[in-house]
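Down below is the structure, laid out as structure tokens.
The values are calculated or read from the model by the stated rules, or taken from the named source; none is laboratory data. Just so it is clear, the structure is predicted and the values come from calculations on it, not from any experiment. Counting neighbours? That spans all protein chains shown, and the Cβs are built from the backbone with ideal geometry, glycine included.
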Amino acid sequence: MGIPEISVDTALAMTDKMVKDSPEGAAHWTFSQVPDFLKEQPALFHTITANIQQCFPRDEELDPELAAGKSLYIALVTYKIIKSAIEAEELNQLFAEGDADVQDGTDDSS
């Protein structure tokens, strides 16, 4: 099954909500989300922040195009991590169902 496709309406609604929830701007909204993100997904949070540190060293002057490419890299790595986690969970469920079928004597593989 994988990650459900996000509709344009959903993406725009989330962006609109972010703007309304934090009229102080995107940075304020981002930092207000960090505690919940860290609590809910600590490994993913630390992976993303490690990638940010790797891509944006403090002593490096930023070229806007390079920064955009690095930011997209971080987003794509994050997407792949989430997609892999969902696929692994789906496989675990599939194997668990198969094990249950075999234990119940309802294995249809013959």
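Screening Ile3 with (1) touching a Phe, Trp or Tyr at 6+ places or on another chain (Cβ under 6 Å); (2) in contact (Cβ under 8 Å) with a residue 40 or more places away in the chain gives one miss only, at (1). Elements of the type helices (runs of 4 or more DSSP H) sitting completely within the stretch 1-82 and holding at least 3 residues that are loosely packed, with under 13 Cβ neighbours inside 10 Å and assigned by TED's automatic domain parsing to the domain that holds Leu94: these cover 42-55.
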